[in-house]
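Engineer: Below you will find the structure I want to go over with you.
Taken together, the values in this text are just the output of simple stated rules run on the coordinates, not laboratory data. The structure displayed is predicted, hence computed values, not measured ones. Positions of Cβ are generated from backbone atoms using ideal geometry, with glycine treated the same way; all protein chains shown enter the neighbour counts.
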Amino acid sequence: MNYERELETARKAAALAGVLQMEAQRDRLQVERKSDASPVTEIDKRCEQVIFDTLRDVFPNDSFLGEETGQHHGPSGRCWIVDPIDGTRPFIRGIPTHSALVALEEDGRPVVGVIELPALTTTYWAAAGCGAFKNGKPIHVSDTAQLNQVTGSALGYIQEAGTPPR
């Protein structure tokens, strides 16, 4: 199956959440605590709503699982899984590593994924049968076979196609 439409919609939803995140960095954030004592802001909730609305407009029969609002069931057997601000703590502090995460699961396996890092102006995306990309350039995982020879951060492990291993 081709997931280009799903990928395009997920990228749009994540980008809209990224815009909200960046606009909110200029404001004083009201921070609440969830039942597990982790922080949540009104922006977390607004980002999740814009992602939900964007996905629901195109795929009304899909389920949705959001970190802030929980599960919304749909009859398609597919489920969008969303973290509207992954890294709420860094987001609150203005550290640029926060992101919006959007993924689609079908038949128990992930088939679409988007990571929008708005403060770093970086977007990663992939879909079954479509490849994986960083800001439009093809990427792949490191071909270093031994874990003890790998250095860097999680973002550093993703290489642009054609670049030598680090």
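Engineer: Where a Cα-Cα gap under 28 Å defines reach, which lysines qualify for Lys137, not counting those fewer than 8 residues away within the same chain?
Structural biologist: Partners found: Lys12.
Engineer: How far apart, in nanometres, would the label points at Thr144 and Glu8 be if each is projected 7 angstrom from Cα along the Cα-to-Cβ direction?
Structural biologist: Computed distance between label sites Thr144 and Glu8 equals 3.8 nm.
Engineer: Do any trypsin sites (Lys or Arg not before Pro) in the range 24-125 lie in a DSSP loop with no more than 15 other beta carbon atoms within 10 Å, and if so, which?
Structural biologist: Those satisfying the criteria are Arg26, Arg28, Lys34.
Engineer: Additional query: Any idea which of Asn61, Gly77, Ala145 is furthest toward the positive side of the dipole for the chain, if Lys and Arg beta-carbons carry +1 and Asp and Glu beta-carbons -1?
Structural biologist: Of Asn61, Gly77, Ala145, it is Ala145.
Engineer: While we're on this one: Zone of Arg33 (label point 7 Å along Cα→Cβ, backbone N under 16 Å): which residues in the range 84-124?
Structural biologist: 89
Engineer: Then there's this: Through the Karplus equation 6.51 cos²θ - 1.76 cosθ + 1.60, θ set to phi - 60°, convert the phi angles of the range 13-18 into ³J(HN,Hα) values in whole Hz; use x for Gly and Pro.
Structural biologist: For the range 13-18, the Karplus-derived couplings read 4, 5, 5, 4, 5, x Hz, x marking Gly and Pro.
Engineer: When volume of the Cα convex hull per residue in Å³ is calculated directly from the model, which label among (1) 137; (2) 172; (3) 121 fits?
Structural biologist: (1)
Engineer: Given Cβ point charges of +1 (Lys, Arg) and -1 (Asp, Glu) and nothing else, what value in debye, to the nearest 20, does the dipole of the chain about its Cα centre take?
Structural biologist: Values: 17 positive and 23 negative charges, 98 e Å.
In debye, rounded to 20, the chain gives about 480.
Engineer: Nothing charged except the Cβ atoms of Lys and Arg (+1) and of Asp and Glu (-1): what's the magnitude of the dipole of the range 32-126 about its Cα centre? Round to the nearest 20 debye. Working shown, then result.
Structural biologist: Values: 9 positive and 16 negative charges, 47 e Å.
Result for the range 32-126 is approximately 220 debye, rounded to the nearest 20.
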